[in-house]
Structure formats: structure tokens, C-alpha cells
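In what follows, a single structure is set out as C-alpha cells and then discussed.
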Amino acid sequence: IKHRHIVRLLGYCADLGGEILVCEFINNGTLYEHIHGKSEGSSTLSFQMRMKIAVEISAALEYLHSSSSTSKNKSIVHLNVNSKRILLDKNYRARLANFREAKVIPQDQTQIQGTLRGLAGYLDPENKQSKKLSTKNDVYSFGVVLVELLTSQKAFCGEKPKGQRGLAKLFARSVEEGRWDQILDGKIIKEENLETAKKVVDLAKSCLGLQNERPSMREVAMKLEVMAWDYSAAKGLAKLNFSPSPKETDELLGSPSNAQLLHVRREHDESFGRAELYDDSSLQNQIEINVELV
């Protein structure tokens, strides 16, 4: 798997008392942290930046779902898409991370048996009955992320009264009652971007609909990119570069074949750790990386 908006796997290790995936380190935190911050209303992500992130992650998922992500004409489903699994680099370029729950679906099939496991609020509710896994599960989870970007509300909040804890249901109810504009984050959704926000609302609604009525990630990615470009053009903003350049596609943090892995420690998120990677030839070439504990 090699895509500019997917965290790159650098290596695999089974010599430290467990199986470990060594991934590149993305140094600007998670989308969750940038949306919700240390306190409510502390996010600094602009509407245009949120559109950019949505475009980038939709492109990553479209790549995974297409046969181009594998050499054997199979699709990969992430099955754990949420704002804590989206990392931002210093330039606020989004990367999809953590493939612990990912599955491969043969190209001649549209679904496989399985049960979703992940964060409350992001999981496709239809899986509870069907016990089937497909690309449409990722579409649903991405729809929740879209709503999160629009509203700056958490996907699930156990502190709220029962019936209001899940953002997807709250969003659907607001749309059905014609109150969709009231649930949006008023600090980022202004009169000048309300038209584009409504288009994203409609797209999010379709992603959260019944499984057989949801769009594919290819459709979602194409619609989002058109929305983002149209918005930038209409407002005279600098158009964001969503197409990967050869340099960005091929860049590497370093060759893991000439490296040693030292001192793995677990972080607050139990699925990730932190490690230090040293080049054999020089301790000056230290690189900080993410370690996914599997």
C-alpha cells in the first residue's frame, strides 16, 4: 500500500515480546485533537482546511477500496475510520492510520463475514444484524467524520442524555426536521460558505443512509473534490493541491533495512506506541516513528 494520504509502513518486528508494525511518525497530532482541542470551541481548523482534509481522506479510502491498492485485484476495507485514526503532518496534510481491523475482500465478492470493532459512534449499525463487512462500512464511518468536521461535535458523547449521545442520529434528526444549519459549528460555517456546507451535509446524509443506498468512496471522493475546488474558485482562495506529485508519492523517511529499533513504549492510545529508529551508520540520523502494537 503506497498512497500520500496513508501512513507508510516502514517495517515489521516480532522480536520484542510481541508483533509490532513500525510506521512513519506524523508529528502534528490527530484530527480528533484538532477538531475538539483541549477545550470545546478551541479548534483552529478553518472551513477550507476541513474541506481539504475530507478530500484527502476520501481519496485514501477510495484508493484502498480500488484494486489499485493491491497487486492481486482485491479491495482493502479499513473498518476503523474515525478522527483519531486520521493524523495531520506539519503542513496539515491528512494521513489515514491504524490498520488493525482492516480486511481484504476478494474482487469477485462485495462482502465477507465479520463483526465491526471500533469506537462508538462510528460503526455502521447495519453490521449488528448482517454480520457482513464491506466497503460500505467505511463509507458510513467516513460520513460520521464529515459530520464531525461540520459540527465540531464528538461522534459519541456518553455525558449526553440517552438518545442524544450518537452524533449520526442527532445529525439525521436535524436534517429530517429541516434544522441542519442549527447543528453546524457557527464559528466555521458562515454565510459565505453555507452553500458548500449544505452540499457536504447532503453528501454526509447519503453516506449515513441505508447500506444499499450509500455511494461508493469513489463517488464521495469525486464530489468532495469538486465542492472544494468550486468553493476555492468562488471565494478567490488559493486552490488546494489534491493531486500527488511524483516526489511526494515516492518520498521515504529512510530505509528500514538499514535501521535498528530501540526502546518501544506505549502511548495513551493503547494501539500505538513510540519508538526511536537509528541508522546503523550514525546515531545522528535519529527518526521518530509511530509503532502500532498488534
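What to note about this one:
- Single residue of segment 52-74 satisfying the filter (in a helix (DSSP H, G or I) and more than 13 Å from the chain's Cα centre (by Cα)) that is modelled with the highest pLDDT: HIS65
- Test: GLU225 is assigned by TED's automatic domain parsing to the domain that holds SER75, in contact with a helix residue (DSSP H, G or I) (Cβ under 8 Å, 6 or more places away or on another chain), surrounded by 14 or more Cβ atoms within 10 Å (Cβ to Cβ) and farther than 18 Å from SER83 by Cβ: yes
- In segment 86-115, the residues that are in the same structural domain as LEU64 (by TED's automatic domain parsing) reach residues that are aromatic (Phe, Trp, Tyr) with C-beta atoms within less than 8 angstrom, at least six apart or across chains, in these pairs: ILE86/TYR32; ASN98/PHE272.
- Pair list, Cβ under 7 Å, 6 or more apart: segment 10-39 residue in a loop (DSSP other than H, G, I, E, B), other residue acidic (Asp, Glu): PHE25/GLU288; ILE26/ASP89; ASN27/ASP89; ASN28/ASP89
- Selection count, segment 185-200, where residues are touching a helix residue (DSSP H, G or I) at 6+ places or on another chain (Cβ under 7 Å) and either buried (at least 22 other Cβ atoms within 10 Å of the Cβ) or small (Gly, Ala, Ser) (or both): 3
- Conditions (1) of a type in the set (Asp, Glu); (2) under 11 Å from the mean Cα position of the chain (by Cα); (3) at pLDDT below 95; number of the one not met by GLU24: (2)
- Qualifying residues in segment 152-166 (those that are out of contact with any Cys (no Cβ under 8 Å at 6 or more places or on another chain) and surrounded by 14 or more Cβ atoms within 10 Å (Cβ to Cβ)) - the one nearest to ARG50 (Cα to Cα): SER152
- Search result, residues across segment 166-191 that are free of Cβ contacts under 8 Å to residues at least 24 places away in the same chain and of a type outside the set (S, T, N, Q): LYS169, LEU170, ARG173, GLU176, GLU177, GLY178, ARG179, TRP180, ASP181, GLY186, GLU191
- Any hit, segment 78-98, residues being outside any helix (DSSP H, G or I), at pLDDT below 95 and buried (at least 22 other Cβ atoms within 10 Å of the Cβ): yes
- Residue match in segment 213-236 (condition: at pLDDT 95 or above and touching a Lys or Arg at 6+ places or on another chain (Cβ under 6 Å)): yes
The values are calculated or read from the model by the stated rules, or taken from the named source; none is laboratory data. Note that the structure is predicted; figures quoted are calculated from it, not measured. All Cβ positions, glycine included, derive from the backbone under ideal geometry; neighbour counts span all protein chains shown.
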